[in-house]
Amino acid sequence: QVQLVESGGGLVQPGGSLRLSCAASGSIFSIYGMGWYRQAPGKQRELVAGISRGNSTNYVDSVKGRFTISRENAKNTAYLQMNSLKPEDTAVYYCNVYPPLSRYWGQGTQVTVSS
């Protein structure tokens, strides 16, 4: 079964940057669109950014102009470049296909934005 593993999270000061990576254990990138999702304490998980098989992208309004989603199908890897981070970006970030499938949820990677 294909697994998705997120990495790249950490503690960063407001205004800083992080780059998240999502590595798939199998070749699903050629089949599905990919998405980055996040869940903050006490809140529902939300879609942050999505990228279609044709590389069309969409973002939640709160991250437009700051976050960039990309993918490398040959490496079965997706990325989320996060710039100008804000405290409200603090959350556990997950990758999944887009729309998400329950079998692909992983452990996520924690992003904490704090001074």
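Table for the structure above
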quantity	calculated
Matching residues, the stretch 61-70, being surrounded by 15 or more Cβ atoms within 10 Å (Cβ to Cβ) and not basic (K, R)	V63, F67, T68, I69, S70
Positions within the stretch 22-51 being modelled with pLDDT under 95, open to solvent by less than 20 Å² (accessible area, probe 1.4 Å) and of a type in the set (G, A, S), in sequence order	A24, G26, G33
Selection count, the stretch 80-96, where residues are open to solvent by 40 Å² or more (accessible area, probe 1.4 Å) and under 13 Å from S7 (Cα atoms)	1
Selected residue (criterion: modelled with the lowest pLDDT) from residues of the stretch 78-95 that are farther than 13 Å from T109 by Cα and within 11 Å of the chain's Cα centre (by Cα)	A78
Pair list, Cβ < 6 Å and 6+ apart or interchain, from the stretch 1-27 residues that are among the basic types (K, R) to residues that are at pLDDT below 95	none
Count of residues meeting criterion [under 12 Å from E6 (Cα atoms) and either open to solvent by 30 Å² or more (accessible area, probe 1.4 Å) or touching a Phe, Trp or Tyr at 6+ places or on another chain (Cβ under 8 Å) (or both)] in the stretch 97-107	3
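The values are calculated or read from the model by the stated rules, or taken from the named source; none is laboratory data. Since the structure is predicted, the reported quantities are computational estimates derived from the model, not experimental observations. So basically every Cβ, Gly included, is an ideal-geometry build from the backbone, and we count neighbours across all protein chains shown. Each accessible area value is taken on the protein alone, full model and side chains, heavy atoms only, with ligands, DNA and RNA left out. Shrake-Rupley method; radii C 1.70, N 1.55, O 1.52, S 1.80 Å.
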